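Here's the structure we're looking at; comments come further down.
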Amino acid sequence: MSIVVLGLSHRSSPVTVREKFAFAEAELPAELKGLRGSGVADEAVILSTCNRVEVYAATQLEPMRAFAALKEFLLRSRGCEEILTEEIYSHCEPLSVQHLFKVACGLDSMVLGETEILGQLKKAYDVALQNGHTGGRLNKAFQKAFNVAKKLRTDTNIQRGSVSVGSVAVELAEKIFTRLSERNVLVIGAGDTSEKTARALLSRGAKSIIVTNRSHEKAVALAGTLGGQAVAFDELAKIFPEIDIAISSTSAPGYVLNRAKLEPLMKLRRNRALLLIDIAVPRDIDPEVNLMENVFLYNIDDLQAMADDYLKQRQEEVARCEEFIRQQAAGLVESARGRSTPGEITPAFGGH
């Protein structure tokens, strides 16, 4: 008996196709019973989410016959008469087990490393288990998948989210201030990147957002969308003592902030740490301010270089995760075939 998987996901088909194959949770026990009753599968789990519909089966059939039968089940069960070829994928051992592990770890998700899929997979497995549709093969495979997912989430940064200028800015802010809950953010200008960066900081708990712009109307509009307040551009000095993080993105031809302007403002702030994020081109903030004590200035090139570095690290980490998954899947398959009883393989994860 071997494990196979057949399904469709965001990688293989658009939502207009996927939605036709979705299963409601209440349908699953009866559908699983029908699938096993047909003789196609001795054990089965059906995973149905907004991004994927997959049938995992432990079967006595040889893979090509199993795939054809599972595809027929899926089409008949969902009342679909379309001819589907590239939209549906299938895997036999060991790729079927590798696929299960990758799904559990979020490596096959739209957002790399996201954690929601693990909960959805556990729920799908639990429905099958509680209704008596799993046995030794799938129980071991799914339990191993959950263990592998836990290990990779503990030992790596694959769940870190998208790598962008905004996420890097948040990381910088958390390094400088540890916690953002008491930090006030100033947005100078009303550019798209500054808005995204401000939103990223808010999502991590920043206390408040203040927006200023030479066009007060634009400042009011952006402050409204961010749930912050707008202040007039010439009143910057009044509110600056309260600011911890400033994001500047104006279209001014020269510097809007230089050392001469910033030094008296820092005295008003009693030299508390100040993070300046200059994402304007040409630059808004004179690089000389970086020489001042407790002033941390980063421009768009600094942030992009950091984002590129994180992306490279992420790609290397994903490669290590996939190698670990291959080892663990091979061990599980070999064990089931009675070739060996593998011990736990511990990878040397690093650089996270």
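In this structure the amide hydrogen of Leu186, modeled in the peptide plane, comes within under 5 Å of the amide hydrogens of Ile210, Asp244, Ile245, Ala246, Ile247, none closer than 5 places in sequence on its chain.
Note on region 168-294: with charges restricted to the Cβ of Lys and Arg (+1) and Asp and Glu (-1), its dipole about the Cα centre is near 280 debye. Give, as a single signed number, the net charge of other residues whose beta carbon lies under 12 Å from the beta carbon of Leu236, with Lys and Arg counted +1 and Asp and Glu -1. Taking every Cβ under 12 Å from that of Leu236, the sum is 0. Averaged over residues, the count of other Cβ atoms within 10 Å places the peptides 65-76, 213-224 in the sequence 65-76, 213-224, highest first.
Between the residues Ala128, Ala273, Gln98, the greatest Cα displacement towards the positive end of the dipole of the chain, with unit charges on the Cβ of Lys, Arg, Asp and Glu, is found for Ala128. Counted residue by residue at 0.36 nm each, then reduced by the alpha carbon distance between them, the extension gain from Val17 to Lys123 reaches 35.8 nm. Computed 3J(HN,Hα) for region 259-264, one whole-Hz value per residue from the Karplus formula 6.51 cos²θ - 1.76 cosθ + 1.60 where θ = phi - 60°, is 5, 4, 6, 7, 4, x, glycine and proline marked x. Report the local net charge at Gly224: Lys and Arg +1, Asp and Glu -1, summed over other residues whose C-beta lies under 15 Å from its C-beta. Taking every other residue near Gly224 into account, the sum is 0.
Counting only Cβ charges, +1 for Lys and Arg and -1 for Asp and Glu, the dipole size of the chain around its Cα centre is about 740 debye.
Highest mean first, the peptides 119-128, 141-150 sorted by other C-beta atoms within 10 Å per residue fall in the order 141-150, 119-128. If R₀ is 56 angstrom, what is the calculated FRET efficiency for the pair Glu82 and Ala273, using the beta carbon separation as r and rounding to 0.05? E between Glu82 and Ala273, to the nearest 0.05, is 0.40.
Between Val148, Ser109, Ala169, the Cα set farthest toward the positive side of the dipole of the chain (charges on each charged residue's Cβ, about the Cα centre) is that of Val148. Each helix, a run of at least 4 DSSP H residues, gives -39500 (n - 2.57); summed and divided by the residues of the chain, these come to -14500 deg cm²/dmol at 222 nm. Taking every protein chain into account, the 1.4 Å probe leaves Cys50 with about 100 Å² of accessible area, to the nearest ten.
With a Förster radius of 56 Å applied to the C-beta separation of Lys261 and Ser38, the computed FRET efficiency comes to 0.15.
The values are calculated or read from the model by the stated rules, or taken from the named source; none is laboratory data. Remember, predicted model here, so these are calculated numbers, not experimental data. Neighbour counts run over all protein chains shown; Cβ positions are idealised from the backbone, glycine included. To get the accessible areas, we keep the full protein, side chains included, count just its heavy atoms, and leave off ligands, DNA and RNA. Shrake-Rupley method; radii C 1.70, N 1.55, O 1.52, S 1.80 Å.
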